[in-house]
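Inspection log for the structure reproduced underneath, given as structure tokens.
The values are calculated or read from the model by the stated rules, or taken from the named source; none is laboratory data. Note that this is a predicted model, so its numbers are computed, not measured. For neighbour counting, all protein chains shown are included, and Cβ atoms are generated from backbone atoms with ideal geometry for every residue, glycine included.
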Amino acid sequence: MPDTMPAAPALPPAICLMGPTACGKTELAVHLVERLPCEIVSVDSALVYRGMDIGTAKPDTATLARAPHRLLDIVEPTETYSAARFRQDALRLMAEIVAHGRIPLLVGGTMLYFKTLKEGLNALPEADPELRAEIEARATQLGWPTLHAELARLDPGTAARLKPNDSQRIERALEVCYLSGQPMSALFAEQKAEPPPYRLIEIALVPSDRAALHARINARFKAMLDAGLVDELRHLRERYALNVDMPSMRCVGYRQAWQFLEGEIDAAGLYETGAAATRQLAKRQLTWLRSWQGTAVFDCLRPDLAEAVLAYLAGHLVE
């Protein structure tokens, strides 16, 4: 009788619910939690910050009572939270959820975090505070467009996809070049895939009508202003030693509120620039999603969205 190899154990499922800002991810996630044995892990680079509630559209107390979220309020606004740390935290929480016989439901719009979870980490050097201080000092003296031109000489591939004033990414790309002696684009090309030990069921919420999503974004940003976004930032600046270049203060809405508090824009400008920046964020998120492979796409504007997604999951959660 021929020898037979035992079948490999099936990987536990995990649901990834992705989509642009204001597409209804949180509402749908709550429906899923109430119908399926799921627990939510937030995949949002802004929701990690304590005290930043209004401008991040953080789920309110009633929503969290119905569907608790992991990875909310875990760092101070003065701290940095990386994609590498997210992957470590997410995998730990996913293992805990599966150990309790439940299904991880990863929900958010930070596509870099989803990519890092799905593909693994790259071999980039750790941040160097002294070197970053030097880069920032040069930027203050010369301007970020000048440093962008320098990056174009060192790493044309990375520079080509960055705007001349994208200070955070230019700084990181230059830092990698200086520390490793190689372009960041080359290091990314050498990256080895490290898929997580889960069967990822990936769902993307994409609007059939971009104008309808923009209307939602505009209305939500106005609601944030009415709810006290500016006062929230004012209190954060009183409580913490913040500056406008910190990752937390680069979050859409907070950067514009900062400009308002500094007298750089008026109330009308705050609404216009904040809503426009949020629409640009949604555009970038949708660009990521268009390049995503193996994703089930649902129109986030359809009235039966929750039932449609539940029907899809019913056929995919059991392999």
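Tabulated data for the structure shown
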{"item": "Pairs where the first residue, in the stretch 118-142, is within 30 Å of residue 198 (Cβ to Cβ) and the second is of a type in the set (Lys, Arg) and exposed (fewer than 15 other Cβ atoms within 10 Å of the Cβ), C-beta under 8 Å, 6+ apart", "result": "120/192"}
{"item": "Any hit, the stretch 251-264, residues being polar (S, T, N, Q), over 30 Å from residue 99 (Cα atoms) and surrounded by fewer than 18 Cβ atoms within 10 Å (Cβ to Cβ)", "result": "yes"}
{"item": "Which listed residue is in a helix (DSSP H, G or I) and either surrounded by fewer than 15 Cβ atoms within 10 Å (Cβ to Cβ) or at pLDDT below 95 (or both), from 193, 186", "result": "186"}
{"item": "Test for residue 295: is it at pLDDT below 95 and under 21 Å from residue 44 (Cβ atoms)", "result": "no"}
{"item": "Residue count for the stretch 15-66, restricted to those that are more than 15 Å from residue 111 (Cα to Cα) and assigned to a helix (DSSP H, G or I)", "result": "16"}
{"item": "Filtered residues of the stretch 246-291 (kept if over 18 Å from the mean Cα position of the chain (by Cα), farther than 21 Å from residue 218 by Cβ and not hydrophobic (A, V, I, L, M, F, W, C))", "result": "262, 263, 264"}
{"item": "Helices (runs of 4 or more DSSP H) fully within the stretch 233-319 counting 2 or more residues that are polar (S, T, N, Q)", "result": "254-261, 267-290"}
